[in-house]
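S.K.: Handing you this structure, nothing more for now.
The values are calculated or read from the model by the stated rules, or taken from the named source; none is laboratory data. Since the model is a prediction, treat every value here as computed from it, not as a measurement. Here the Cβ positions follow ideal geometry from the backbone for every residue, glycine too, while neighbour counts run over all protein chains shown.
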Amino acid sequence: MKTQVNKIKRNLKQSLRRRQRGNTLVPVVIGLGIASIATIGFLSQGEGLLADNKTTLAINEVNQAIVQWNTAKMGTAVNDIVAADVPLLDGNVNVFGVATVYTQGQAAAGDDPAVTPQFTYTTDNNNVCNTIEASFGDENNAIPGVGDINCAATVLTVPLN
């Protein structure tokens, strides 16, 4: 006869699992924390790339407007060119969501001084404006059809000639 009725050998792994049931949330929380930090890093890096892309697109838009201006002035006097002759200067919205503004040139008449044709290109911030200005050089390295490009805060002014 058996004298030790309740001395059954128990599975130790099963009892360890039962004891550690409440500790499964800690590794999940740590994993989520690490994933969120990595996600923030990727998002900030993507934001920087987006800003660089917008700057590059803005330089391209200004360059295309200058090319269209030079094409339009081949057969027309500078002061006779209207915004409709240069589609990119005709109030189109730029990369930053702001319309370009074209000022038609006017010859001096009486006491009124001459008005140089120009267009303004508004950007997001001063750094972008300065980057665009720097990409077109200075008055010593002039681009045909363009005067001295300048930047005041977020507005790039391109005098046309």
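S.K.: Might you check whether a residue that is surrounded by 10 or more Cβ atoms within 10 Å (Cβ to Cβ), touching a strand residue (DSSP E or B) at 6+ places or on another chain (Cβ under 9 Å), more than 19 Å from ASP148 (Cβ to Cβ) and at pLDDT 85 or above occurs anywhere in segment 59-74?
M.R.: Among the residues of segment 59-74, at least one is surrounded by 10 or more Cβ atoms within 10 Å (Cβ to Cβ), touching a strand residue (DSSP E or B) at 6+ places or on another chain (Cβ under 9 Å), more than 19 Å from ASP148 (Cβ to Cβ) and at pLDDT 85 or above, which makes the answer yes.
S.K.: Only one residue in LEU156, LEU160, LEU89 is buried (at least 18 other Cβ atoms within 10 Å of the Cβ), at pLDDT below 80 and not hydroxyl-bearing (Ser, Thr, Tyr), so which one is that?
M.R.: Sole residue among the options that is buried (at least 18 other Cβ atoms within 10 Å of the Cβ), at pLDDT below 80 and not hydroxyl-bearing (Ser, Thr, Tyr): LEU89.
S.K.: Has segment 70-78 got any residue that is under 22 Å from ASN126 (Cα atoms) and small (Gly, Ala, Ser)? Working first, answer last.
M.R.: Step one: of segment 70-78, the residues under 22 Å from ASN126 (Cα atoms) are none.
So far as segment 70-78 goes, no, none of its residues is under 22 Å from ASN126 (Cα atoms) and small (Gly, Ala, Ser).
S.K.: Assess whether VAL115 counts as being of a type in the set (Val, Ile, Thr), touching a strand residue (DSSP E or B) at 6+ places or on another chain (Cβ under 9 Å) and over 18 Å from ALA65 (Cβ atoms).
M.R.: Against the criterion (of a type in the set (Val, Ile, Thr), touching a strand residue (DSSP E or B) at 6+ places or on another chain (Cβ under 9 Å) and over 18 Å from ALA65 (Cβ atoms)), VAL115 qualifies.
S.K.: In addition: All but one of (1) over 13 Å from LEU156 (Cα atoms); (2) more than 13 Å from the chain's Cα centre (by Cα); (3) surrounded by 14 or more Cβ atoms within 10 Å (Cβ to Cβ) hold for LYS54; state the number of the condition that does not hold.
M.R.: Every condition holds for LYS54 apart from (2).
S.K.: Look at ASP138 and say whether it is at pLDDT below 80, exposed (fewer than 13 other Cβ atoms within 10 Å of the Cβ), under 28 Å from the mean Cα position of the chain (by Cα) and not basic (Lys, Arg). Let's see the steps before the verdict.
M.R.: Details: at pLDDT below 80: yes; exposed (fewer than 13 other Cβ atoms within 10 Å of the Cβ): yes; under 28 Å from the mean Cα position of the chain (by Cα): yes; not basic (Lys, Arg): yes.
It is true that ASP138 is at pLDDT below 80, exposed (fewer than 13 other Cβ atoms within 10 Å of the Cβ), under 28 Å from the mean Cα position of the chain (by Cα) and not basic (Lys, Arg).
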